[in-house]
Amino acid sequence: MKNIELPFVRDMFNAIAPRYDLLNRLLSLRQDVYWRRKMISRIKIPEQATILDMACGTGDVILEIIRQKGTGNTVIGSDFSSGMLQLADKKIKSEASASQIFLVAGNALQMPFKPEIFDSVTIAFGIRNINDKLSALKAFHYGLKKDGMLAVLELTTPQKRFFRSLYLFYFRKILPMIGRLVSGKIKAYQYLPDSVLNFPSSRDFADIMLSAGFSNVKWQKLTFGIATLYTGKK
Ligand SMILES: C[S@@+](CC[C@H](N)C(=O)[O-])C[C@H]1O[C@@H](n2cnc3c(N)ncnc32)[C@H](O)[C@@H]1O
């Protein structure tokens with residue numbers, strides 16, 4: 001499957017970048033902060049590790065890695081939206097001066113990195129925007145050292161019936177309205193529910209991770225299944 005949405009997705013993130021953090025906190029009632037914290041607490045890395053955060057956006061995962069794992073590591077954030085990367089750069093400069101952080105403009109499907117250099121690869125709320133998930137996961141696998149760990153955090157749809165109906169109402173009706181009012185962009189916050197509702201089931205996504213070469217693939221549902229954290233080992 002070709003990544004046909006690519007230019008649309010990049011333009012969309014460039015357009016919403018200035019309001020991205022505010023809307024994340026608002027629309028998830030700050031659960032996004034807790035989910036990233038959880039993801040980073042699950043990754044196991046050696047001392048002086050090299051970590052890639054793909055689809056790093058405005059840099060929240062990078063900052064969480066520094067908070068939890070210390071400043072002795074090298075963290076590389078990569079994203080294909082220059083608007084998001086510029087905001088990441090600003091935030092990192094004001095919040096994490098002592099750390100070794102590098103930002104790289106790049107597409108997850110054409111990673112500009114040598115093989116087997118990362119102790120861990122993380123991607124938060126990015127994989128659902130990539131149509132060709134298998135190729136992206138294979139690229140992460142290629143970039144990881146042996147025994148390196150992949151962590152994927154993604155928005156998912158709750159399965160329990162009552163909560164699911166409530167959530168779908170919020171997600172389809174309320175969220176696009178707030179998103180439009182705060183960001184001034186209509187399409188982005190209509191695309192968001194579609195991209196989440198079309199995301200594969202936990203089992204199916206775990207199978208794609210296995211097909212990409214990962215082992216020990218596990219997943220954990222967070223906040224009633226609104227988000228899911230997947231991990232796997234090379
Ligand atoms: C929802 S944001 C998540 C940002 C950040 N990881 C976070 O936790 O807030 C998705 C990000 O994925 C990036 N993205 C989407 N598809 C990509 C691709 N093929 N290659 C690189 N970045 C991509 C977008 O530019 C955007 O910054």
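For region 105-132, name all the residues that are in contact with a helix residue (DSSP H, G or I) (Cβ under 7 Å, 6 or more places away or on another chain) and aliphatic (A, V, I, L, M).
Listed by number, the residues that qualify are ALA105, ALA108, LEU109, MET111, ILE117, VAL121, ALA124, ILE127, ILE130.
Filter region 15-46 for residues that are assigned to a loop (DSSP other than H, G, I, E, B), of a type outside the set (Val, Ile, Thr) and modelled with pLDDT of 90 or more; which is nearest to the ligand (Cβ to nearest atom)?
Once the filter is applied, the top-ranked residue is ARG30.
Being touching a residue at least 40 places away in the same chain (Cβ under 8 Å), open to solvent by 20 Å² or more (accessible area, probe 1.4 Å) and over 18 Å from ILE40 (Cα atoms) narrows it down to one of ASP147, ASP132, so name that one.
Exactly one of ASP147, ASP132 is touching a residue at least 40 places away in the same chain (Cβ under 8 Å), open to solvent by 20 Å² or more (accessible area, probe 1.4 Å) and over 18 Å from ILE40 (Cα atoms), namely ASP132.
What is the one condition in (1) more than 27 Å from ARG10 (Cα to Cα); (2) touching a Gly at 6+ places or on another chain (Cβ under 7 Å); (3) at pLDDT 95 or above; (4) open to solvent by less than 10 Å² (accessible area, probe 1.4 Å) that VAL217 does not satisfy?
With respect to (1) more than 27 Å from ARG10 (Cα to Cα); (2) touching a Gly at 6+ places or on another chain (Cβ under 7 Å); (3) at pLDDT 95 or above; (4) open to solvent by less than 10 Å² (accessible area, probe 1.4 Å), VAL217 is out only on (4).
Suppose we filter PHE171, PHE163 for residues that are open to solvent by less than 50 Å² (accessible area, probe 1.4 Å), modelled with pLDDT under 90 and not in a loop (DSSP other than H, G, I, E, B); which single one remains?
Every option except PHE171 fails the conditions.
Got a number for residues in region 84-129 being under 27 Å from PRO18 (Cβ atoms), more than 9 Å from the ligand (Cβ to nearest atom), open to solvent by less than 50 Å² (accessible area, probe 1.4 Å) and of a type in the set (Ser, Thr, Tyr)?
Going through region 84-129 one residue at a time, the tally reaches 1.
Counting just the residues of region 47-63 that are part of a loop (DSSP other than H, G, I, E, B) and out of contact with any strand residue (DSSP E or B) (no Cβ under 7 Å at 6 or more places or on another chain), which one comes out nearest to the ligand (Cβ to nearest atom)?
The qualifying residue nearest to the ligand (Cβ to nearest atom) is THR58.
Look at region 86-133 and say how many of its residues are at positive phi and in a helix (DSSP H, G or I).
Total satisfying the criteria: 0.
Which condition number does SER78 fail, the rest of (1) over 15 Å from the mean Cα position of the chain (by Cα); (2) polar (S, T, N, Q); (3) buried (at least 18 other Cβ atoms within 10 Å of the Cβ) being met?
Checking SER78 against (1) over 15 Å from the mean Cα position of the chain (by Cα); (2) polar (S, T, N, Q); (3) buried (at least 18 other Cβ atoms within 10 Å of the Cβ), the one that fails is (1).
Yes/no per residue for (1) within 16 Å of the ligand (Cβ to nearest atom); (2) within 16 Å of LEU197 (Cα to Cα); (3) in a strand (DSSP E or B):
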| position | (1), (2), (3) |
| --- | --- |
| SER135 | yes, no, no |
| GLY148 | no, no, yes |
| PRO158 | no, yes, no |
| MET177 | no, no, no |
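Go through region 15-49 residue by residue and tally those that are open to solvent by less than 10 Å² (accessible area, probe 1.4 Å) and on the phi > 0 side of the Ramachandran plot.
Going through region 15-49 one residue at a time, the tally reaches 0.
To keep it simple, each residue is scored yes or no on (1) among the small types (Gly, Ala, Ser); (2) under 22 Å from VAL75 (Cα atoms).
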| position | (1), (2) |
| --- | --- |
| LEU134 | no, no |
| LYS145 | no, yes |
| LEU150 | no, yes |
| LEU166 | no, no |
| PRO176 | no, no |
| LYS187 | no, no |
| PHE199 | no, no |
| ALA206 | yes, no |
| TYR230 | no, yes |
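The values are calculated or read from the model by the stated rules, or taken from the named source; none is laboratory data. What you see is a predicted model, and the numbers here were worked out from it, not measured in a lab. Cβ atoms come from the backbone with ideal geometry, glycine included; neighbour counts cover every protein chain shown. The accessibility values were calculated without ligands, DNA or RNA, using every heavy atom of the protein model including side chains. Shrake-Rupley method; radii C 1.70, N 1.55, O 1.52, S 1.80 Å.
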